Amino acid sequence: EQFNDLIITLRTPQYAKGRVVDENNQPIVGAVVSQDQDYLHASIDNSVETTADGSFSLPLDAEDSEVIVFVKADGFRLGQSKIKVENGEATIALRPLPTISGMVRDHNQQPVANATVVLCSRAISTQLVGRGIDLNKFNGTATTDIDGNFALTASTINAEDMRMKLVAFSDVHPPTQYKNSISFIDRGRSVKDYNDIIIDLHKG
């Protein structure tokens, strides 16, 4: 069956407009602003990048009166904001990615030196983390010092990785997951810092 002379009429869009800035109100250039339902699907491209002054203009369906957007920029937490089109331009402030720090201990609660700590997607099996997976594929890695202390900062954060898990292991201890997930979403309210984390490794 064939269809000829089809006519597709595009609606006149409206725009969600605003600026993306850092904590010091300085513009963030090249931040990606996108609708949340589209951001997770590579086949749908409804995103724009901020310009030199941090501004953006995101095309929306003419019937949309408000939209929830994600904002992604290197070195910053993922921003999430609800924009009402009728309110004019919105300002979205992003905060830097947190440094995750703490200590790795063994089952006797003694510090473990030279343990590996990785930040990874929750979709990755904890038991597979320590089995020869390329560390470059993780979102961040660190090695504990002689006192069992570590500090790491995430390298890349995507919308599907708004919450990740922290896993530690050593040559003699199997991979052990930190009890809480690590959140990188910033909705404009207070955000949690991740310091003084304690990971007690399972007995090898």
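Roughly how compact is the chain, stated as its Cα Rg over 2.2 N^0.38 Å to two decimals? Before the final figure, lay out the partial values.
Numbers: Rg = 21.4 Å, N = 204, 2.2 N^0.38 = 16.6 Å.
After normalising by residue count via 2.2 N^0.38 Å, the value is 1.29.
How large is the accessible surface per residue of the chain, computed with a 1.4 Å probe and reported in Å² as a whole number? Spell out each step's value before the answer.
Details: 11900 Å² over 204 residues.
So the chain comes to 58 Å² accessible per residue, rounded to a whole number.
GNM on the chain, alpha-carbon springs under 10 angstrom: the most fluctuating residue among Ile28, Ile100, Ile146 is Ile146.
In summary, the convex hull built on the alpha carbon positions of the range 156-204 has an orientation-averaged projected area of 4.5 nm².
Rounded to the nearest whole Hz, the Karplus-based 3J(HN,Hα) values (6.51 cos²θ - 1.76 cosθ + 1.60, θ = phi - 60°) of the range 10-15 follow the sequence 7, 6, 6, x, 10, 10, with x at glycine and proline.
List the pairs from Lys137/Lys192; Lys137/Lys203; Lys179/Lys203 whose alpha-carbon separation is above 18 Å, in the order I gave them. Pairs exceeding 18 Å: Lys137/Lys192; Lys137/Lys203. Using a cutoff of 8 angstrom between alpha carbon atoms and counting only pairs six or more residues apart, the relative contact order for the chain works out to 20 percent. For the chain, carbon and sulfur atoms together expose 45% of the accessible surface, with a 1.4 angstrom probe and every protein chain in place.
Which of the trypsin sites (Lys or Arg not before Pro) found in the range 1-107 are in a DSSP loop and have at most 10 neighbouring Cβ atoms, other than their own, within 10 Å? Working shown, then result.
Working: sites: Arg11, Lys17, Arg19, Lys72, Arg77, Lys82, Lys84, Arg105; in loops: Arg11, Arg77.
Answer by residue number: Arg11.
The values are calculated or read from the model by the stated rules, or taken from the named source; none is laboratory data. Note that the structure is a prediction, hence the values are computed from the model and not measured. Every residue, glycine among them, receives a Cβ derived from its backbone with ideal geometry; neighbour counts consider all protein chains shown. These area figures cover heavy atoms from the full protein model, side chains too; ligands, DNA and RNA do not enter into them. Shrake-Rupley method; radii C 1.70, N 1.55, O 1.52, S 1.80 Å.
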